[in-house]
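Trainee: Input: one structure, supplied below.
The values are calculated or read from the model by the stated rules, or taken from the named source; none is laboratory data. Values in this document were obtained by computation on a predicted structure and should not be read as measured data. Here Cβ is always computed from backbone atoms with ideal geometry, including for glycine, and neighbour counts include all displayed protein chains. All accessible areas refer to the heavy atoms of the entire protein, side chains included, with ligands and DNA or RNA removed. Shrake-Rupley method; radii C 1.70, N 1.55, O 1.52, S 1.80 Å.
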Amino acid sequence: MGRAFVYVILGGGVAAGYAALEFTRRGVSQGELCIISEEPVPPYERPALSKGYLLPEAPARLPSFHTCVGANEERLTPKWYKEHGIELVLGTRVKSADVKRKTLLTAAGETISYKILIIATGARALKLEEFGVSGSNAENVCYLRDLADADRLVNVMQSCAGGNAVVIGGGYIGMECAASLVINKINVTMVFPEAHFMARLFTPKIASYYEDYYKSKGVKFIKGTVLSSFDMDSNGKVTAVNLRDGSRLPVDMVVVGIGIRPNTSLFEGQLTLEKGGIKVNGRMRTSNSSVYAVGDVAAFPVQLFGETRRLEHVDSARKSARHAVAAIMEPNKTDDFDYLPFFYSRVFTLSWQFYGDNAGEVVHFGDYSGSTIGAYWVSKGHLVGSFLEGGSKEDYEAIAKATKLKPAIEDLTELERQGLGFALTVSKNHLTSPTGNVGGSSLILEKPLYAWHATAGVIVAASVAAFAYWYGRRRRRW
């Protein structure tokens, strides 16, 4: 027994929802598209789980954050999928895939066939056991990757008000969950092996800005060490966290955010893998012409940097999904994916955005004792990355545009002096230039142009003199 579809999306995360919307906009027929998901609900905006979902008052709940509200698009409720003739196969695990036969086999034994497959399987949270520590199944140890994890975390938080929590990990999940725990009036200690949190992205100076803010909210930090074991009571509940440096921290709950791993196992040995994910080209197509991959699981060419990367963020999931559908439905009208890497977060009253790459020399700007700070990254003489906290919509758009343009940078001191003004100038120059060329960094950095004016004057004068000489000789020949 089985079912057949023209298009199948495997995975029910953010990318699946945006792909479904794009399919409908490009004329998919009713009954042609199917989404298979292990989760029991249609695709939703996953960032809400570490933000609005954890609020103690007026928390976000479905159906309010189904995709695609995160990009100010329409909300795709179960009714929407039904009205558009899209089959939702929810609460279903696919146990094997055969890309040559174009079939998927579910755990229930059903075979689902396709003509075109989009892999949107995302990633799973790494567990403590993968690092030699047991205890993930304890009732007060929480992870956060899907709706079930979020519900569990909310229940544990509510039972621990006024208690102590240890957050293991200093990345995205650790940073955002720590803020939510504090808002829920829980005492928080963050533990991670790096010298500062968000170490993959933040510089020490940027990290210090946020750590100081967290400390003002009562958060404690233990850096340079990792979890070694838990103490448990007779009911299997964690009562203390033991660290490798010998510290012992009494706890009421633990949140673990130690990274993710792309869900590629179904396709290993069948598709080309790279950077821990499934390798795709600029059309998001894999090594099999009938299979595409999007979101966290896809390793795609980033044109801006001339190399293949796998990006773990919602913006990449949304845009890569849309692009894959465009390439499938209108291949002759679709160019290669030209994506500017983008990351953001909102914690407490803070809000930051980052564009590009954090490679090369870093130039910090802004008042690091105030509310607006930023940084630029310069590699091989060009701007390649920009970070901004506390900016306006116009400011964020400007740093994005400046990073995309990769203007040449000659003077780092001048870049620091201009700060955010540099990006605003680049953005405005690009809008007013008829060719879209912002010019060299000498113009952008607003350095004095007197030397250039003088040189130009000499050249013009010499040209006039030469023309006069030629014209005079020519007249004599007439």
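Trainee: Considering only region 1-19, how many residues are surrounded by 24 or more Cβ atoms within 10 Å (Cβ to Cβ) and either among the small types (Gly, Ala, Ser) or touching a strand residue (DSSP E or B) at 6+ places or on another chain (Cβ under 6 Å) (or both)? Spell out how you get there, then give the answer.
Mentor: Taking region 1-19 first, the residues surrounded by 24 or more Cβ atoms within 10 Å (Cβ to Cβ) are 8-19.
Imposing the further condition that a residue be either among the small types (Gly, Ala, Ser) or touching a strand residue (DSSP E or B) at 6+ places or on another chain (Cβ under 6 Å) (or both) reduces the set to 8-13, 15-17, 19.
Residues in region 1-19 being surrounded by 24 or more Cβ atoms within 10 Å (Cβ to Cβ) and either among the small types (Gly, Ala, Ser) or touching a strand residue (DSSP E or B) at 6+ places or on another chain (Cβ under 6 Å) (or both): 10 in total.
Trainee: Determine which member of the set Arg248, Arg244, Arg261 is of a type outside the set (Gly, Ala, Ser) and under 30 Å from Gly11 (Cβ atoms).
Mentor: Selected residue: Arg261, the only one of Arg248, Arg244, Arg261 that is of a type outside the set (Gly, Ala, Ser) and under 30 Å from Gly11 (Cβ atoms).
Trainee: Inside region 77-109, can you point out the residues that are open to solvent by 30 Å² or more (accessible area, probe 1.4 Å) and part of a helix (DSSP H, G or I)?
Mentor: Pro78, Lys79, Lys82, Glu83
Trainee: Suppose we keep only residues that are free of Cβ contacts under 8 Å to residues at least 60 places away in the same chain and in a loop (DSSP other than H, G, I, E, B) within region 359-378. Which one would you say is surrounded by the fewest Cβ atoms within 10 Å (Cβ to Cβ)? Please lay out each step first, then the result.
Mentor: First, pick out the residues of region 359-378 that are free of Cβ contacts under 8 Å to residues at least 60 places away in the same chain: 359-361, 363, 365-367, 369-372, 374, 376-378.
Going one step further and asking which of them are in a loop (DSSP other than H, G, I, E, B), we end up with 359-360, 367, 369-372.
Working: Ala359: 13, Gly360: 17, Asp367: 10, Ser369: 8, Gly370: 10, Ser371: 11, Thr372: 16.
It comes out as Ser369.
Trainee: State whether the residues of region 155-165 include one that is closer than 21 Å to Arg346 by Cβ and either without any contact (Cβ under 8 Å) to a residue 12 or more places away in the chain or part of a helix (DSSP H, G or I) (or both).
Mentor: Yes.
Trainee: Further question on the same structure: Are there any pairs, at least 6 apart or on different chains, whose C-beta atoms fall under 9 Å, with the first in region 326-355 and free of Cβ contacts under 8 Å to residues at least 12 places away in the same chain and the second in a helix (DSSP H, G or I) and open to solvent by less than 50 Å² (accessible area, probe 1.4 Å), and if so, which?
Mentor: Correct list of pairs: Lys333/Ala326.
Trainee: Being out of contact with any strand residue (DSSP E or B) (no Cβ under 7 Å at 6 or more places or on another chain) and among the charged types (D, E, K, R) is the filter here, so list the residues in region 264-286 that pass it.
Mentor: Selection gives Glu268, Arg283.
Trainee: Anything in region 300-322 that is more than 10 Å from the chain's Cα centre (by Cα), of a type in the set (A, V, I, L, M) and either crowded, with 24+ Cβ neighbours inside 10 Å or part of a loop (DSSP other than H, G, I, E, B) (or both)? List them, or say none.
Mentor: Leu304, Ala321
Trainee: Note down all Cβ pairs under 9 Å where the first residue falls in region 274-291 and is open to solvent by less than 30 Å² (accessible area, probe 1.4 Å), the second is in a strand (DSSP E or B) and hydroxyl-bearing (Ser, Thr, Tyr), and they're at least six residues apart or on different chains.
Mentor: Correct list of pairs: Val280/Tyr292; Val280/Thr308; Met284/Tyr292; Thr286/Tyr292.
Trainee: May I pose another question? Which condition number in (1) without any contact (Cβ under 8 Å) to a residue 40 or more places away in the chain; (2) open to solvent by less than 50 Å² (accessible area, probe 1.4 Å) is the one that Arg61 fails?
Mentor: If we test Arg61 against (1) without any contact (Cβ under 8 Å) to a residue 40 or more places away in the chain; (2) open to solvent by less than 50 Å² (accessible area, probe 1.4 Å), just (2) comes out false.
Trainee: Which pairs turn up if I take residues in region 20-42 that are open to solvent by 60 Å² or more (accessible area, probe 1.4 Å) and look for partners that are modelled with pLDDT of 95 or more with beta carbon separation below 6 Å, at least 6 apart in sequence or on another chain?
Mentor: Going by the 6 Å Cβ cut-off, the qualifying pairs are Arg26/Met329; Gln30/Gly85; Glu38/Arg93; Pro40/Leu90; Pro40/Gly91.
Trainee: Go through region 379-396 and count every residue that is open to solvent by 10 Å² or more (accessible area, probe 1.4 Å) and over 18 Å from the mean Cα position of the chain (by Cα).
Mentor: Matching residues across region 379-396 total 10.
Trainee: Same structure again: Can Gly224 be described as open to solvent by less than 30 Å² (accessible area, probe 1.4 Å), modelled with pLDDT of 95 or more and not polar (S, T, N, Q)? Explain how you work it out, then say what you get.
Mentor: Numbers: open to solvent by less than 30 Å² (accessible area, probe 1.4 Å): no; modelled with pLDDT of 95 or more: yes; not polar (S, T, N, Q): yes.
In short, no.
Trainee: Continuing with the same structure: Among the residues of region 110-133, count how many are touching a residue at least 12 places away in the same chain (Cβ under 8 Å) and either within 18 Å of Gly13 (Cβ to Cβ) or part of a loop (DSSP other than H, G, I, E, B) (or both).
Mentor: 15
Trainee: Further, regarding this structure: Among the residues of region 409-418, are any part of a loop (DSSP other than H, G, I, E, B), open to solvent by 50 Å² or more (accessible area, probe 1.4 Å) and closer than 22 Å to Glu307 by Cβ?
Mentor: The answer is no; no qualifying residue exists.
Trainee: Whether any residue in region 339-357 is more than 27 Å from Ile116 (Cα to Cα), over 20 Å from the mean Cα position of the chain (by Cα) and open to solvent by less than 30 Å² (accessible area, probe 1.4 Å) is what I want to check.
Mentor: Within region 339-357, not a single residue is more than 27 Å from Ile116 (Cα to Cα), over 20 Å from the mean Cα position of the chain (by Cα) and open to solvent by less than 30 Å² (accessible area, probe 1.4 Å).
Trainee: If I ask for residues that are farther than 30 Å from His323 by Cα and open to solvent by 10 Å² or more (accessible area, probe 1.4 Å), which ones from region 137-148 would you list?
Mentor: Asn137, Glu139, Tyr143, listed by residue number.
Trainee: Turning to a different aspect of this structure: In region 43-58, what residues are in a loop (DSSP other than H, G, I, E, B) and touching a residue at least 60 places away in the same chain (Cβ under 8 Å)?
Mentor: Glu45, Lys51, Leu55, Pro56
Trainee: Here's something else I'd like to know. Restricting the search to region 243-263, which residues are part of a loop (DSSP other than H, G, I, E, B) and surrounded by 19 or more Cβ atoms within 10 Å (Cβ to Cβ)? It would help to see each step written out before you state the result.
Mentor: Keep residues of region 243-263 that are part of a loop (DSSP other than H, G, I, E, B), which gives 244-247, 251-252, 257-259, 263.
Correct list: Val251, Asp252, Gly257, Ile258, Asn263.
Trainee: What residue, among those in region 181-207 that are in contact (Cβ under 8 Å) with a residue 24 or more places away in the chain and part of a helix (DSSP H, G or I), is most open to solvent (accessible area, probe 1.4 Å)?
Mentor: It comes out as Lys205.
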